[in-house]
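For reference, the structure discussed in these notes is given below.
Each reported figure results from applying straightforward, stated rules to the coordinates on display, with no laboratory input. Since the structure is predicted, the reported quantities are computational estimates derived from the model, not experimental observations.
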Amino acid sequence: MMPAFEAWKILGKDAGRIILSVAEIPLKSRAEALKNILEDARKTAKKMMVESHPDRSGGNPDQFKKIGEAIRALEFYTAEFEKSVELRIRQLEEAADKRVVIKIG
């Protein structure tokens with residue numbers, strides 16, 4: 001599978017900037033924010049795929065294939081990120097539920 005940084009680059013996006021923007025968002029909102037960014041990436045990919053479609057005059061089959069691979073990779077990574085955020089939230093909630101009892105004396 002294509003690395004996420006390469007996938008974002010193919011779509012003309014700055015992966016570092018995306019990561020930093022998501023990191024600034026509160027944990028509970030990060031997965032949703034990344035899904036919104038992915039939706040924008042899908043729109044970009046669709047436009048790029050129309051332009052590079054092999055049936056189109058001047059189309060580029062290799063670029064068309066790369067764009068498809070990039071969006072599939074980003075969909076996979078976004079789903080995995082969402083799972084990891086949900087797991088981390090559960091872990092934090094479980095830790096908050098545990099009470100610490102300190103006995104003195």
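Once the chain from LYS103 to GLU82 is taken as fully extended at 0.36 nm per residue, the excess over their C-alpha distance is 3.6 nm. Taking 16 Å as the straight-line reach from the Cα of LYS47, the aspartates and glutamates in range (excluding those fewer than 8 positions away in the same chain) are GLU39, ASP55, ASP62, GLU69. Taking every Cα-Cα distance in the chain and sorting them into 10 Å bins from zero, the calculated P(r) comes out as 14, 36, 23, 13, 7, 4, 2, 1, 0 percent. Mean residue ellipticity, 222 nm, helices only, the chain: the sum of -39500 (n - 2.57) across DSSP H runs of n ≥ 4, divided by residue count and rounded to 500, is -26000 deg cm²/dmol. Using C-alpha pairs under 8 Å with a sequence gap of at least 6, the mean separation divided by the residue count of the chain gives a relative contact order of 35 percent.
On a 21 Å Cα-Cα criterion, which of the cross-link pairs LYS46/LYS83; LYS9/LYS43; LYS9/LYS65 come out too long? Checking Cα-Cα distances, LYS46/LYS83 exceed 21 Å.
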